[in-house]
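Reading through the structure tokens given below for one structure.
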Amino acid sequence: QAQLVESGGGLVQPGGSLRLSCTTSQSVFRLYTMGWYRQAPGKQRERVAAITSGGITNYLDSVKGRFTISRDNANNTVYLQMNNLKTEDTAVYYCRANNLIYSYWGQGTQVTVSS
């Protein structure tokens, strides 16, 4: 199974910013869609953002204009830049790599937005 390694979670005040990173293998990164998902306590996991190998992006409505997903092909890394964070963004954030057949998940990183 492909390995996805995340970093960048932490504690931030409302209105602040964080950048999450997810690094995987070149073979996966080249052909897979990369995405960020989140799950808050007692809630279903939801897709926050995704980016295809060709650079097409998609965002959850509640994060549009605040979050940006991008990929660095040289380092096999996908990023989630999170600006103007709100308390309701608090969740465990998971990196995912998928195609039509396979799906791989990172271990998750905690993001807490609190004053």
In nm, to one decimal, how far is the Ile56 label point from the Asn84 one, both placed 7 Å along Cα→Cβ? 2.7 nm
Select from Gln81, Gln26, Gln44 the residue whose mean-square fluctuation is largest in a Gaussian network model of the chain (Cα-Cα springs shorter than 10 Å). Gln44
Per-residue counts of other Cβ atoms within 10 Å, averaged by peptide: what ranking do you get for 68-77, 30-39, highest first? 30-39, 68-77
Can you tell me, using C-alpha contacts under 8 Å and at least 6 residues apart, the relative contact order of the chain as a whole percent? 37 percent
Please check: in the Gaussian network model of the chain (C-alpha springs, under 10 Å), which one of Gly65, Gly42, Gly54 has the largest mean-square fluctuation. Gly42
Which cross-chain or sequence-distant (5 or more) residues have an amide H under 5 Å from the amide H of Gly16, H modelled 1.01 Å from N in plane? Leu85
Taking 0.36 nm per residue of separation between Asn99 and Gln44 and subtracting their Cα-Cα distance, the length gained on full extension comes to 17.6 nm
Residue-by-residue Karplus 3J(HN,Hα) for region 79-95, coefficients 6.51, -1.76, 1.60, Hz, glycine and proline x: 10, 10, 7, 10, 10, 6, 5, 10, 4, 6, 7, 4, 4, 8, 9, 10, 8
The percentage of the accessible area of the chain (probe 1.4 Å, all protein chains present) made up of carbon and sulfur atoms, to the nearest whole number, is 46 percent
For labels at Ser70 and Ser17 in the simple 7 Å Cα→Cβ model, what's the distance in nm? 1.0 nm
Solvent-accessible area per residue for the chain (1.4 angstrom probe, square angstrom): 55 Å²
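The values are calculated or read from the model by the stated rules, or taken from the named source; none is laboratory data. Everything numeric here is computed off the predicted structure, so don't read it as measured data. For neighbour counting, all protein chains shown are included, and Cβ atoms are generated from backbone atoms with ideal geometry for every residue, glycine included. For the accessible areas, the whole protein counts, side chains as well, though only heavy atoms, and no ligand, DNA or RNA atoms are used. Shrake-Rupley method; radii C 1.70, N 1.55, O 1.52, S 1.80 Å.
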